[in-house]
1. So how strong a dipole does the range 28-159 carry about its Cα centre when Lys and Arg Cβ are +1 and Asp and Glu Cβ are -1, to the nearest 20 debye?
2. At 0.36 nm per residue, and after removing the present C-alpha to C-alpha distance, how many nm does the segment from T157 to A106 gain when stretched out fully?
3. Quick check on the range 29-133: take the gyration tensor over C-alpha atoms, sort the square-rooted eigenvalues as a ≥ b ≥ c, and tell me if it's rounded (a/c under 1.5), prolate or oblate.
4. Quick one: which of K60/K113; K130/K153; K37/K113; K40/K113; K43/K153; K40/K96 span more than 19 angstrom between C-alpha atoms?
5. Going by how many other Cβ atoms sit within 10 Å of their own, how do I75, I82, I62 line up, fewest first?
6. Could you put S66, S38 in order, starting from the residue whose Cβ has the fewest other Cβ atoms within 10 Å?
7. Residues in the range 92-132 near a label at D146, defined as backbone nitrogen under 13 Å from the 7 Å Cα→Cβ point?
8. Output the peptides 100-108, 47-55, 128-136 sorted from most to least packed, where packing is the average of other Cβ atoms within 10 Å over each peptide's residues.
Amino acid sequence: MKKLSKLSIALVAASLLTASAGAADHGHSTAAHVMQKSPKGAKAYIVNLRDGKTYKGKVKVIFGLSGMGISPAGITASGQPIPDTGHHHLLVDVDKLPPLNQPLPADKPDTFKHFGKGQTETTLELAPGKHTLQLILADYGHVPHDPPVMSKKITITVE
Ligand SMILES: [Cu+2]
C-alpha cells in the first residue's frame, strides 16, 4: 500500500509538471502518434471471469496486468510517454477489433470502455444473454501498444 501511494503521488506530480506540455499533445491529431513498444511477455487478463460460464445479475470484472504498469490517460513525463504503462479498456460485444495503431474509439461508451483514471475493475449491467469481453491496454493517447497487450476474448452468459 505504501508503494502504491508513492506511485500515485509520483503520477500526480508528473501530471502537474507536464500539465502545460501535456495539454498541447493530448487529443491532437494522431497521425504522428508512435506506437509504444510493449515489453516482451506483457499480459492483460480478466482475473475473475471464465470463458463459457454463466453469471447472475451485475457482473464485476477485475482487470489483470503483468509485465507493465498502469498510468492514467493523458499522463506523460515532460511530454514523453511513460514507458511500459497504459490504461485498461474493456471491449464489450465487439466483434471486430478496430485498427490498433489508432486511438481506441471514444464515442462508443457501451462497447469501448476506457478506464483512463487507471481503474482496475468495473461492474457491468448487461442485458440477459451472451456477451463477449476482452481487455486491451492502451497508452496515454488511447493507442494500443506494439505488440498489443490484450486478453483473450471470453464469452459469458448473463441471467
Ligand atoms: Cu483510453
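1. Here the range 28-159 has a charge dipole of around 380 debye.
2. Working it through step by step, the gained length comes to 15.8 nm.
3. Prolate, because a/c is 1.5 or more and a/b exceeds b/c.
4. Details: K60/K113 14 Å; K130/K153 13 Å; K37/K113 22 Å; K40/K113 25 Å; K43/K153 13 Å; K40/K96 25 Å.
Those over the limit are K37/K113; K40/K113; K40/K96.
5. Starting with the residue having the fewest Cβ neighbours, the order is I62, I82, I75.
6. Numbers: S66 10, S38 22.
By the 10 Å Cβ count, ascending: S66, S38.
7. The answer is 100-102, whose backbone nitrogens lie closer than 13 Å to the label point.
8. In decreasing order of mean packing, 100-108, 47-55, 128-136 become 128-136, 100-108, 47-55.
Values in this text are rule-based calculations from the coordinates and carry no lab data. In this text the structure is predicted, and so the values were computed from the model without any measurement. In this analysis, Cβ positions are derived from the backbone assuming ideal geometry, glycine residues included, and neighbour counts consider all displayed protein chains.
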